[in-house]
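Step one of this worksheet: look at the structure below.
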Amino acid sequence: MRGASNLQTMKPQPSVLSPQSFTQQRGAQPPSFRSKRFISVAPREAPCGLSCAGKPLAGSIQTTCPYCGVGCGVVVNMEEEGISLIGDKQHPANSGRLCSKGIALADTLDNEGKLLYPVVNNRRTSWEDALERVASGFKKIIAEHGPDAVAFYVSGQILTEDYYVANKLMKGYIGSANIDTNSRLCMSTAVAAHKRAFGADAVPVCYEDVETADLVVIVGSNYAWAHPVLYQRLAAAKKARPEMQVVVIDPRRTATCDIADLHLAIAPGADAYLFNGLLHNLRREDALDLDYVEAHVEGYAAAFAAAREVGSIPKVARICGLAETQLSEFYRLFARTGRTVTIFSQGINQSSSGVDKANAILNVHLATGRIGRPGMGPFSVTGQPNAMGGREVGGLANQLAAHMDFSDPASIARVARFWNAPNIAQAPGLKAVDMFQAIASGKIKAVWIMGTNPVVSMPDADRVRDALLGCELVVVSDCVQHTDTTACADILLPATGWGEKEGTVTNSERCISRQRALLPASGEARPDWWIITQVAQRMGYADGFSYTRPAEIFREHARLSGFENEGIRAFEISAWSELSDGEYDALQPTQWPINKHAPNGTKRLFADGRFYTPNGRARMVAIAPRLPAVAVDADFPLVLNTGRIRDQWHTMTRTAKVPRLNAHLPEPFVQVQPSDAQGYQLAHGGLARLTSRHGSMLARIQLSEDQRPGSVFVPMHWNDAYAKAARVDALVAPITDPISGQPESKHTPVRVESYQPAWQGFVLSRTRLELPDTCYCASTRGADYWRHEIAGEVLPGDWRDWVQTALGESAQWIEYRDAAMGRYRAACLKDGKLEAVFFIAPDHRLPEREWLASLFNPHQLEAADLAGLLAARPPKGADTGHIVCACFSVGEKAILNAIQEQSLASVEAVGQCLKAGTNCGSCVPEIRRLLERH
Ligand code: SF4
């Protein structure tokens, strides 16, 4: 069944789950960085070793934020009256800082929307039944079609212990390597580049290096929004040392450019030309460290020759779409600055030539010897909280375990010996895109998806949905009940979520930290490691999966890392092989390698110039740059770029529960350069239909000079749970890098057309509504209300009937109709309080929503509010505009007014006046731009 939307599919969801929910207060957040949720917990029975049983723990608990790869430490205070949290001052990643998402974590802990019971074919069932069905289903398909007919698709959200047992079960016992992870979509390119250059997937630097560098180059990363706390650390370092230079290389002008001395708005996909050009220029300028190269590097002659092919600065500037002067300035800066860190992320990784781009970056660091020393090195920042942990255990289909590969028969034999594995896989499995294509073709007949939402996040997402709907057996374990992917499942297994589970994660600087349980599991949810081992036992592998607690798994993982290692593999945590359960519980953040030579961990790698290649030399790789696989043409003339926004995480399953995280950007949007908008008749605030060769979507048009002409940007987060037809990955081609298998998510040729339905409007209502006959509907939770942005192709006979269908009878009505102009407005009140407002118009020209939304507070409406209600005319000073500062709910108009009326001239002055920007700092770039505007 194609084009399923709003989670209605062939495998519909159960309606029988009755949550044993925590009571909670959902309302306006106090203007404080401490979030409060009031929680009472009913006792429950828990199997031994399964997180905290019965009641929440008391006192302060150190744990780790579950969102991005920065891996910030969090201190959660469990108090009589509820839970509050702050950044962990002791954690080396953040020293007490948190971003807007981290600060709001306590607001995501309630049971609303959680998957609480096992479900088979839409009916609640027991764990015993569900586990038995998963085990027998997989066994039957393996018996009939062989081990490669089954697959696991796992996630950088699960913990290292979960990852370890999933990998062991698939590769060691089932005998297939068909286990891949959503980290394939975010950092498999960096893994492949590291292995080519260093002989191991090892990030050389630590976070401190970024602060101590004299030049920080940020390539293909909106660091300010995707890694906010690292950005804050960099911004603070630059403030303390203004002479530090920051260069941003990105087709878009992003919030990261706020601290940039130089922004190179490079043509999409041209990065390898730019870095090859840099290498050639460094050589011409005699700015290489040839002593280092001769002592520690191989392959340099071929790499230099390939770089020379790229040509002179004018030629490189032309290919990159940059001014020669800008490019020369960057090359000069790089040549003269020894302490240089180059940060790279998805703009490099998500490309059909991403591995070459990443190696072009690593080449310049090796050629200048800028690696292994303080303030120097290439730095791949990972997107997910435990993408690195997955890399360590072998969660990618082409890795084996503990940094061992299928390319070496001795490694396969070693892992088989260590695991006592009866049937170890002998060759790499299918990478994510190939895996879902194999599901579509019927080659894979059973898939188990753990903690991820591929129907939203995979490229060619409509085909991924079709593949799952047609698959013989789809098992999904997740903590969320309704996602676009759980809607395709035959069996749903409730997994514990953040705050309920125990284990470890590794962040972008190789630092292993504990995630600790704060609360009992919701409903009947169980940790992923427990679910996997229970299935393994029922498949006949009890001997290899007899774990009773995560500490046991972690010790085995640590032992494998040191097993016959002798310094040949970078990843090693053998010093933790014999941790007691108590020591595991008390584990403090530490960077690997952690072994007998470095029992307290290792800040920085390659200080001795030795790498993990057979001869100990790093490898420079000859790069022949190439542009993206598919170019724009007359039918699809614009380049679609996808990425994150500031306050949402992945497919919004957690962050969209928090009103203040929805306030900044409440609707799916497409950012367009005004010159392109003019050419394609796109109006700011109107709706657009985006179409590629693979799918289409609707989004609100946002005009911005930040876009490069010819490029548009759409956030990756929206999905059917929050919007109709807004999954951007439905448009993205399943084209991948030939080495890493990472999709080209940053470069899809698209067409963008103005979309003009019969009517448009918005509804603000106290509860979420099912609105009839809409072709576009984006729903967002506010503090005391839901906001629905809507549009329809068919005009209802009578708007009043339409409203009543959506809302039901309401006690008190105020209405305004202008049939000639196609306008309708209605407000519904109960006991003097606002229940809902409906604003309908023939186009997108509608009033601002913020003041109307503020009327949904618990109080009765005042006469002045009532008077202006249907005119959407707020009393003077009552409209603060769209939210800029999520921590203190400060709006754009409030900031602009304060700037104007009080002659504020700096971010600090705005902070003193309104508090905006004084907590997590994520909104500082936006405040600075408001200051610039005025
Ligand atoms: Fe969490 Fe924000 Fe830290 Fe990332 S930067 S780990 S999202 S608090």
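The table that follows gives values for the structure above.
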item: Extended-chain gain in nm, criterion 0.36 nm per residue less alpha-carbon gap, Asn77 and Ser580; result: 178.5 nm
item: Leading residue at positive end of dipole, the chain (Cβ point charges), from Ile259, Gly921, Gly73; result: Ile259
item: Amide H contacts of Leu264 (H built 1.01 Å from N, under 5 Å, at least 5 apart or other chain); result: Val248, Ile249, Asp250
item: Accessible-area order (highest first, 1.4 angstrom probe) of the listed residues Arg332, Arg516, Arg689; result: Arg332, Arg689, Arg516
item: Selection from Trp802, Ala905, Gly679 lying farthest towards where the dipole of the chain points positive, charges on Cβ; result: Ala905
item: Over the chain, relative contact order from alpha-carbon pairs under 8 Å, at least 6 apart, %; result: 16
item: Exposure of Ser126 as accessible area (Å², to 10), given a probe of 1.4 Å and all protein chains; result: 60
item: Distance between modelled label sites at Thr767 and Thr325, nm, 7 Å Cα→Cβ extension; result: 6.3
item: Probe 1.4 Å, protein heavy atoms only - accessible area per residue of the chain in square angstrom; result: 34
item: Phi-based couplings in Hz for the range 625-641 (Karplus 6.51, -1.76, 1.60; Gly and Pro marked x); result: x, 9, 7, x, 4, 10, 8, 5, 8, 5, 6, 10, x, 10, 9, 8, 10
item: Percentage relative contact order, the range 838-894, counting C-alpha pairs under 8 Å, at least six apart; result: 26
item: Along principal axes, Cα extents of the chain, largest first, whole Å; result: 80, 68, 54
item: Calculated FRET value between Asp408 and Ala863, using beta carbons and R₀ = 56 Å, to 0.05; result: 0.10
item: Pairs from Lys139/Lys168; Lys140/Lys443; Lys101/Lys501; Lys171/Lys431; Lys168/Lys431; Lys168/Lys603 whose Cα-Cα separation, in the structure shown, is over 21 Å; result: Lys168/Lys603
item: Rounded to whole Hz, the Karplus (6.51, -1.76, 1.60) HN-Hα couplings of the range 125-133, x for glycine and proline; result: 9, 8, 4, 4, 5, 5, 5, 4, 5
item: Accessible-area composition of the chain, carbon plus sulfur, in percent [1.4 Å probe]; result: 50
item: Dipole axis of the chain (+1 Lys, Arg; -1 Asp, Glu on Cβ), positive-most option in Ile371, Ala416, Tyr776; result: Ile371
item: Distant-in-sequence amide H partners of Val890 (H built 1.01 Å from N, under 5 Å); result: Val884, Cys885
item: Dimensionless Rg/Rh of the range 764-897 - Kirkwood Rh, Rg from C-alpha atoms; result: 0.95
item: Gain on full stretching of the segment that runs from Ala872 to Glu809 - 0.36 nm per residue minus C-alpha separation; result: 20.4 nm
item: FRET efficiency, Val794 to Lys443 (Cβ-Cβ, R0 41 Å, nearest 0.05); result: 0.45
item: Additional length obtainable on full extension of the chain from Ala631 to Lys596, 0.36 nm per residue less Cα span; result: 7.4 nm
item: Per-residue HN-Hα couplings for the range 88-103 [Karplus 6.51, -1.76, 1.60; θ = phi - 60°; Hz; x = Gly/Pro]; result: 7, 5, 7, 7, x, 6, 10, 6, x, 6, 9, 8, 4, 6, x, 4
item: Relative contact order %, the range 403-537, counting alpha carbon pairs below 8 Å whose residues are six or more apart; result: 15
item: Long-range amide H partners of Gln245 with built H, under 5 Å; result: Leu215, Val216
item: Only Lys, Arg (+1) and Asp, Glu (-1) charged, at Cβ; the range 373-522 dipole about Cα centre in debye; result: 520
item: Proportion of all alpha-carbon pairs of the range 303-458 beyond 22 Å (%); result: 61
item: Residues in the range 549-593 that a label on Arg417 would reach, taking backbone N under 13 Å of a point 7 Å out along Cα→Cβ; result: 563-566
item: Antiparallel content of DSSP bridges confined to the chain, in %, to 5; result: 65
item: Ser696-Leu290 FRET efficiency (beta carbon distance; Förster radius 51 Å; 0.05 resolution); result: 0.45
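The values are calculated or read from the model by the stated rules, or taken from the named source; none is laboratory data. What you are looking at is a predicted structure, and each value in this text was computed from that prediction instead of being measured. Note that each Cβ is placed from the backbone with ideal geometry, even for glycine, and that neighbours are counted across all protein chains shown. Protein only, heavy atoms only, side chains kept; ligands, DNA and RNA dropped before computing areas. Shrake-Rupley method; radii C 1.70, N 1.55, O 1.52, S 1.80 Å.
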